[in-house]
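Step one of this worksheet: look at the structure below.
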Amino acid sequence: MAAGSRVQVPTEVRRGEPFEVKISVRHPMETGFRVDDMGKPIARNTIHEFICRYNGTPVFAANLGSGIAANPYLRFFVTALDSGELKFEWVDDAGERGDAAATLRVTG
Amino acid sequence: MRIGILLLALLAGNTFAQTPAIPASELRSGVSFGSAELRAMQSDDFANPGMLWVERGQKLWQTPVGSAGRACASCHSDASLALKGVAARYPVVNASDRRVIDLEARINACRTSQQKAPALAAESEDLLALTAFVAHQSRGMPLAVSISDSARAFFDQGRDFYYARHGQMDLSCADCHEHNWGRKLLAETISQGHPNAYPAYRLEWQSLGSLARRIRACLFGIRAQMLASDDPQLTALELFLAWRADGLPVEAPGVRR
C-alpha cells in the first residue's frame, strides 16, 4: 500500500500558546470484516498505534481501530515552550511503520 | 400549421440535441446535493482526503521513470502553468490514432511513448495520483470539451449510450439524472450526474476513484452489463457527460458519498 501523509502546523507559534496540529495519513484501515471478490476474508490492517513527540517528549498518542475510516485525519492541540521538531510515528497491524515530521519556531 | 412546425422543431431538437437537456442556469455540481459536512470536507484542502493523492502525484510528476529516464516534468516544465485548463478540455480525440481518450489514457500514452515505461493499471494508486495531480491544476476552470470535427462521432456514440436503456432495470442514464434529479432514491438525492469532480474521493469506496469507476458503479446499480474500464464506449460517454456539464468548474479532487 502506498504510504503517504500530510501534516499542517503553523510555522511560527507563541511560547506557551496552544496551537493546532493536523495530520492525515494514507492508510486503507482494513476492518477485517470484509471479503474479497472470491469470498476470502481480507485480513485486518489498521493503524493501531499513533504517537506524536515534541523534541522527544510524547505530547499526543492515540489507539485507532477498525471503527476508524480509511485515511485517518487527526487534529489536536499542543503547547510548545521551545523551538523544535514535532515527530509523528505510527504502526499498523501488518507491522508497517510510518513517520512524518514538522519543525516549529517558537517566538515570544 | 404553426404548432406543427414548432413540434417538428422540438422533435428535431431532441433527436439532434445540440444543447444539453439541463440548461446552464440549472446546472448543479454533484457537491451541491451533498450534506453540509461533505461540502466542508471537499472545500477544506486539508480535510479533503483526495489531496493525499494530489501530493503523491506531484512527487510522481517529478520522478524519472522508464528506459527514457524522463519524468513528466522533464517535458512539461512548470506543471501549474503547462497543465492549467488541460483537464477541463478532456476527453479529446488523440491526433495520432483518432481515438477518444480521457486524462488517464493520455497519461498512459505519455508513459509508453515518451517515457518508455509500462502503462499504469486502471485504478492503480499511481495512475489515480497522477490524474488527480493533473486535474487539480485546472480546479475552478469551467469544463469546455470540443465535440466538433473528429470528436463528433464519439460524442454521438456517448449520447446514444446515455439515452439508451440498459440492464435488468431497463433504465437509461437520463431516467435518473435528467428526469429525476433532485428527487430521492432511497436515502440519496439523485444528482445531475456531472463528471467535474473526478477523480473523486468517494466515502463509499474509502478511496479516490476515476470517472470510469463511478460510471461502472452506476451500471452495476441498474444491473447492466459492465463495460471494461478501458472500453471506448465508456470514454465516449465521458465525453458526452463533460459536454452536458459544460461550464461547471473542475473540482478535482472532489469528495462524494
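Got a sec? Which helices (runs of 4 or more DSSP H) wholly within the stretch B:1-87 have at least 1 residues that are at pLDDT 90 or above, out of contact with any Ser or Thr (no Cβ under 8 Å at 6 or more places or on another chain) and closer than 22 Å to B:S191 by Cα? Give the steps one after another, and end with the answer.
Details: elements: B:2-15, B:36-43, B:50-62, B:72-75, B:79-82.
Answer list for the stretch B:1-87: B:36-43, B:50-62.
For the stretch B:100-128, which residues satisfy the criterion of being of a type in the set (A, V, I, L, M, F, W, C) and within 14 Å of another protein chain (Cβ to nearest Cβ)?
Those that are of a type in the set (A, V, I, L, M, F, W, C) and within 14 Å of another protein chain (Cβ to nearest Cβ): B:L120, B:A121, B:L127, B:L128.
Do you know which residues across the stretch B:88-121 are among the aliphatic types (A, V, I, L, M) and touching an Asp or Glu at 6+ places or on another chain (Cβ under 7 Å)?
B:L120, the sole residue that qualifies.
Give the stretch B:52-75 a look and list any residue that's under 14 Å from B:V134 (Cβ atoms) and within 14 Å of another protein chain (Cβ to nearest Cβ), or say none.
Hits for the stretch B:52-75 are B:W53, B:V54, B:E55, B:R56, B:G57, B:Q58, B:K59, B:L60.
Just name the residue that is surrounded by the most Cβ atoms within 10 Å (Cβ to Cβ) out of those in the stretch A:9-26 that are more than 10 Å from every other protein chain (Cβ to nearest Cβ) and assigned to a loop (DSSP other than H, G, I, E, B).
Per the stated criteria, the residue is A:V9.
Can you tell me which of B:S80, B:S29 is within 20 Å of B:G247 (Cβ to Cβ), within 21 Å of the chain's Cα centre (by Cα) and either touching a residue at least 24 places away in the same chain (Cβ under 8 Å) or away from chain A (no Cβ under 14 Å) (or both)? Give the steps one after another, and end with the answer.
Details: B:S80 fails: within 20 Å of B:G247 (Cβ to Cβ).
From the options B:S80, B:S29, the qualifying one is B:S29.
Go through B:A129, B:A119, B:A135 for me and flag whichever is modelled with pLDDT of 95 or more, crowded, with 22+ Cβ neighbours inside 10 Å and either part of a loop (DSSP other than H, G, I, E, B) or in contact with a Gly (Cβ under 7 Å, 6 or more places away or on another chain) (or both). Full working, then the answer.
Details: B:A119 fails: crowded, with 22+ Cβ neighbours inside 10 Å; B:A135 fails: either part of a loop (DSSP other than H, G, I, E, B) or in contact with a Gly (Cβ under 7 Å, 6 or more places away or on another chain) (or both).
Answer to the check: B:A129.
The values are calculated or read from the model by the stated rules, or taken from the named source; none is laboratory data. Note that the coordinates shown come from a computational prediction; the quantities given were computed from them, not determined experimentally. All Cβ positions, glycine included, derive from the backbone under ideal geometry; neighbour counts span all protein chains shown.
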